[in-house]
Amino acid sequence: MPTISSFVCAGSLALSALLASQTAMAQTPAIFKYADLELGRQLIADNNCNACHAKKFGGDGSAIYRPQGRLTNAGLLRGMVEQCNTTLNLSLFPEEVTAIAAVLNQSHYRHKD
Ligand code: HEC
């Protein structure tokens with residue numbers, strides 16, 4: 001019966017979409033929950049983060065981000081970005097530091113807490 005099988009199919013599609021969105025939410029650390037990822041991407045571009053990293057590490061600079069390294073959770077990652085902010089005199093606001101760290105977490109570190 002084609003009608004029934006297509007109904008079942010649509011139902012499981014909706015269910016897997018729901019599960020996928022719940023998984024994505026569960027993977028966002030609490031401190032990045034309200035981070036503005038668009039702002040973070042813009043700030044990473046504006047502050048030449050990758051340009052400087054690329055000079056030291058080659059490629060597109062992303063080899064500097066070591067998910068298996070010492071930044072073992074979201075708080076330490078954010079702290080590192082804060083440290084860069086201070087050292088490099090970037091004058092970023094706290095929510096901007098959070099936004100940048102959230103983008104790096106999403107693209108590289110993937111910490112869940
Ligand atoms: C002037 C050069 C320079 C600029 C600009 C710069 N960085 Fe870095 N960054 C470095 C160097 C060098 C290291 C490696 C330091 C170390 O290993 O102790 C580093 C390391 C890091 C790390 C740690 C990576 C890891 O997993 O250990 C993060 C995160 C980071 N930078 C983020 C940023 C962000 C975000 C920006 C832009 C807002 C930025 N950096 C701008 C030079 C720079």
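The values are calculated or read from the model by the stated rules, or taken from the named source; none is laboratory data. The structure presented is a predicted model; accordingly, all values stated were derived computationally and were not measured. All Cβ positions, even for glycine, are placed from backbone atoms using ideal geometry, and neighbour counts span all protein chains on display.
Of note, residue 98 does not satisfy the criterion of being farther than 17 Å from residue 31 by Cβ, part of a helix (DSSP H, G or I) and of a type outside the set (A, V, I, L, M).
Every residue, every condition in (1) of a type outside the set (Phe, Trp, Tyr); (2) modelled with pLDDT of 95 or more, yes or no:
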position	(1), (2)
20	yes, no
26	yes, no
37	yes, yes
86	yes, yes
93	no, yes
111	yes, yes
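Just wondering, is there one or more residues in the stretch 27-44 that are near the ligand (Cβ under 8 Å from one of its atoms) and buried (at least 18 other Cβ atoms within 10 Å of the Cβ)? Yes, there is a match, as at least one residue in the stretch 27-44 is near the ligand (Cβ under 8 Å from one of its atoms) and buried (at least 18 other Cβ atoms within 10 Å of the Cβ). Answer yes if at least one residue in the stretch 46-60 is crowded, with 17+ Cβ neighbours inside 10 Å, more than 7 Å from the ligand (Cβ to nearest atom), outside any loop (DSSP other than H, G, I, E, B) and modelled with pLDDT of 95 or more, and no otherwise. No, because not a single residue in the stretch 46-60 is crowded, with 17+ Cβ neighbours inside 10 Å, more than 7 Å from the ligand (Cβ to nearest atom), outside any loop (DSSP other than H, G, I, E, B) and modelled with pLDDT of 95 or more. Search the stretch 70-92 for residues being outside any helix (DSSP H, G or I) and surrounded by fewer than 11 Cβ atoms within 10 Å (Cβ to Cβ), and hand back the single one that is nearest to the ligand (Cβ to nearest atom). Out of the qualifying residues, it is 70. Based on what the data block shows, is residue 103 touching a Leu at 6+ places or on another chain (Cβ under 7 Å), within 9 Å of the ligand (Cβ to nearest atom) and β-branched (Val, Ile, Thr)? So residue 103 fits the description; yes.
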